[in-house]
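Chemist: One structure follows; several queries about it will come next.
We did not get these values from a lab; they are worked out from the coordinates using the rules stated. As the structure is a prediction and not an experimental result, all values here were calculated from the model. All Cβ positions, glycine included, derive from the backbone under ideal geometry; neighbour counts span all protein chains shown.
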Amino acid sequence: MAMPKDATIIDTMIGFPSSDRKQVYKFLTPSLRDTESREDFKMPAQYMFKDIPAEIAEGVDPVAVTLANMDTYGVGRGMVNVGNDAREAPRRAVRDFPERFLPCIDVDPRGGMDAVRRIKSFHEEWGVVAVTSFPSGVETPINAAAYYPVYATCVELDLPIFLTAGVPGPRVPLAPQKVELLDEICWFFPELKVVMRHGAEPWQDLAVKLMLKWPNLYYSTSAFAPKHYPEAIINYANSRGSDKILYAGYFPAGLTYERIMAEMPNVPFKDEVWPKFLGGNAARVLGLDQD
């Protein structure tokens, strides 16, 4: 049950440090109402993380910092959002290091057909391997009509969609991310590959039940330090769900690689689960070439 030292690691949620972390989360400001979130926190879920990764000084290359962390801790490839026009680092990383960075695009479904056109444009220009979305952050339930064109486009382009599920860390309403809403989406779009992000808590048991029910529903471990991976998810991975659980970190938003990789060997996955969890499942879901 030991974590293999030579496994290919694909991180399905990675980012780049900033000299002003608040600017990264500026998009969420209109939805935040409490003073602590709006004025004191450097990131909107800061109350959940004891030691968030430090900001970088002006002039330090964020791509170089992320690459150095990946190299130090054995992360071969990382999926990054190239859809933010205000952030240059992800696009430069994908352009300069295509063997290390996998482009995805985050989508606000409230854009309607503009959102659809945006997915298609980025798929053509950047070769995005996935679409992501934060339902509570865009105040749109997972099963809302606004999401249906996005889901249909993902099916058309054979792209998985990563959706934040469960109680959100930021202090915004949880209703858009109730795990039960995924049942309707998996039923209506049986070809759509859906990956849950950020824990699905407190409905992790329901998440497992739905993964048993729906072949194309998956789970990633983003935003959770390994010692806090839900027991239901570990048990599922060690039994019928070895093909369903994907590794995702949370660097540099809330977790350092130092902490993640220090805790990872203590996760009680079976030997045969580790290669799938660390990279094999992600490669398959993202449609990557596998040796």
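Chemist: Do any GluC sites (Glu not before Pro) in the stretch 186-291 lie in a DSSP loop with no more than 14 other beta carbon atoms within 10 Å, and if so, which? Don't skip to the end; give the middle numbers.
Modeler: On the way: sites: 191, 231, 258, 263, 272; in loops: 191, 272.
For GluC sites (Glu not before Pro) across the stretch 186-291 that sit outside H, G, I, E and B with at most 14 neighbouring Cβ atoms in 10 Å, the list reads 191, 272.
Chemist: Output needed for the stretch 147-291: three equivalent-ellipsoid semi-axes, defined as square roots of 5 times the C-alpha gyration tensor eigenvalues, in descending order, whole Å.
Modeler: Values: eigenvalues 105, 68, 45 Å².
Computed over the stretch 147-291, the values are 23, 18, 15 Å.
Chemist: If exposed means no more than 11 neighbouring beta carbons inside 10 Å and the site is in a DSSP loop, what's the longest run of the chain without any exposed trypsin sites (Lys or Arg not before Pro)?
Modeler: 51-291
Chemist: With each run of n ≥ 4 DSSP H residues scored as -39500 (n - 2.57), what mean residue ellipticity at 222 nm is computed for the chain after dividing by its residue count and rounding to the nearest 500 deg cm²/dmol?
Modeler: Per the formula, -8000 deg cm²/dmol.
Chemist: Continuing with this model, one more query. Compute a Gaussian network model of the chain, connecting alpha carbons closer than 10 Å, and tell me which residue from 136, 121, 242 fluctuates the most.
Modeler: Comparing 136, 121, 242 in the GNM, the peak value goes to 121.
Chemist: From Cα pairs below 8 angstrom and at least 6 apart in sequence, can you work out the relative contact order of the chain, rounded to a whole percent?
Modeler: On the way: 529 pairs, mean separation 66.7, N = 291.
Once normalised by length, the contact order is 23 percent.
Chemist: Specify which labelled value, from [x] 20.0; [y] 19.1; [z] 21.5, agrees with Kirkwood radius over Cα pairs in Å derived from the coordinates of the model shown.
Modeler: [y]
Chemist: Would you list, by chain and number, the aspartates and glutamates whose Cα falls below 13 Å from the Cα of residue 209, excluding same-chain residues fewer than 8 positions away?
Modeler: 180, 183
Chemist: Measuring from label point to label point, each 7 Å out along Cα→Cβ, what is the residue 3 to residue 184 span in nm?
Modeler: For the pair residue 3/residue 184, the computed spacing is 3.9 nm.
Chemist: Still on this structure: I want to verify a result. In a Gaussian network model of the chain, Cα cutoff 10 Å, which of these has the top mean-square fluctuation: 56, 161, 233?
Modeler: Maximum among the listed residues: 56.
Chemist: Continuing with the same structure: Quick one: of 120/178; 213/276; 178/270; 178/227; 50/227, which pairs are farther than 18 Å apart, Cα to Cα?
Modeler: Beyond 18 Å between Cα atoms: 120/178; 213/276; 178/270; 178/227.
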